[in-house]
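The values are calculated or read from the model by the stated rules, or taken from the named source; none is laboratory data. These figures come from a predicted structure and were not determined experimentally. A quick note on method: Cβ atoms are made from the backbone with ideal geometry, for glycine too, and the neighbour counts reach across all protein chains shown.
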Amino acid sequence: MKKIGRLDRPDNFGSAKIFSNPILERISRTHISIPITLFLVISSVSLYFGMTATSIPFSFGFAILVLGLFVFTFLEYMMHKHFFHMEPNTPIRSKLQYGIHGVHHDYPKDKDRLAMPPFVSAAYVAVLHLVFTLLIGDYALYFLPGFLIGYATYLGVHYAVHAYNPPENILKILWKNHAIHHYKDPDTAFGVSSPLWDYLLGTLPKKE
Ligand SMILES: [Zn+2]
Ligand SMILES: [Zn+2]
């Protein structure tokens, strides 16, 4: 896999211009609290309908929610590994890879570019809701909140890892692994919200 980002510039506080159009450039910046709030509000509404408009027992619904969370962590890992870090071997792939993720590796401390713009997030939540409903019917009302809670956690952890110093507890591993992914070996530690899939699929950072 081709290395992306500037491994030699771990303290880069700069910001990149992705679009020459000033409106698109402004829209490409999002405060992290916006998508997190959006996902948690939609999760609450979805859960409310799951509990009031269906006959699904809450204990079973809760298991579906946990499943949604678990599925999200897997997709988080796969998207980061195979889509965000795709081989930039054609001009289109190269542009896409840079706009989606390469820019974050170049400017990891640019906090306005750690999430998609709100209308993009809202659009794919609508698509996810539709796809989950087609696949599993009313259970989607529990699955979607689990998935979105996973998503919100991922965004929150990713923001915290770049914005704050690591805590002196077990969560420190999240800071350590993501720093290795950015500044040492971009081919390891693709999981941001947890090292679970890196552990299961053999991409944990190598021990010195
Ligand atoms: Zn990456
Ligand atoms: Zn990062």
- Message: Just checking, does segment 15-24 include any residue being under 26 Å from Gly150 (Cβ atoms) and either modelled with pLDDT under 95 or not charged (D, E, K, R) (or both)?
- Response: no
- Task: Could you give me the residue pairs with C-beta distances under 7 Å whose first residue belongs to segment 36-55 and is free of Cβ contacts under 8 Å to residues at least 40 places away in the same chain, whose second residue is loosely packed, with under 15 Cβ neighbours inside 10 Å and in a helix (DSSP H, G or I) wherever it lies, and which are 6+ apart or on separate chains?
- Result: Met51/Phe58
- Task: Could you tell me whether any residue of segment 181-189 is of a type in the set (Gly, Ala, Ser) and either away from ligand 2 (no atom under 11 Å from the Cβ) or under 17 Å from Lys109 (Cβ atoms) (or both)?
- Result: no
- Take the residues of segment 105-114 that are of a type in the set (D, E, K, R) and part of a loop (DSSP other than H, G, I, E, B): which is nearest to Asn165 (Cα to Cα)? Lys109
- Item | Residues of segment 185-208 that turn out to be within 16 Å of ligand 1 (Cβ to nearest atom) and either of a type in the set (A, V, I, L, M) or part of a helix (DSSP H, G or I) (or both), as a count | 6
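Looking at segment 151-163, can you tell me whether even one residue there is polar (S, T, N, Q) and in contact with a Ser or Thr (Cβ under 8 Å, 6 or more places away or on another chain)?
For segment 151-163, residues polar (S, T, N, Q) and in contact with a Ser or Thr (Cβ under 8 Å, 6 or more places away or on another chain): present.
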- Is at least one residue of segment 116-130 surrounded by fewer than 18 Cβ atoms within 10 Å (Cβ to Cβ) and within 16 Å of ligand 1 (Cβ to nearest atom)? yes
- Query: Do you know which of the residues in segment 79-104 that are part of a helix (DSSP H, G or I) and among the hydroxyl-bearing types (Ser, Thr, Tyr) is nearest to Phe190 (Cα to Cα)?
  - Reply: Tyr98
- By residue number, the members of segment 131-184 that are of a type in the set (S, T, N, Q) and either outside any loop (DSSP other than H, G, I, E, B) or within 16 Å of ligand 1 (Cβ to nearest atom) (or both) are Thr133, Thr153, Asn177
- Among the residues of segment 54-63, is any at pLDDT 95 or above and under 19 Å from the mean Cα position of the chain (by Cα)? no
- So Leu67, is it away from ligand 2 (no atom under 16 Å from the Cβ) and either of a type in the set (Val, Ile, Thr) or more than 22 Å from His31 (Cα to Cα) (or both): yes
- Message: So Ser44 passes all but one of these: (1) within 16 Å of ligand 2 (Cβ to nearest atom); (2) at pLDDT 95 or above; (3) hydroxyl-bearing (Ser, Thr, Tyr). Which condition number does it fail?
- Response: (1)
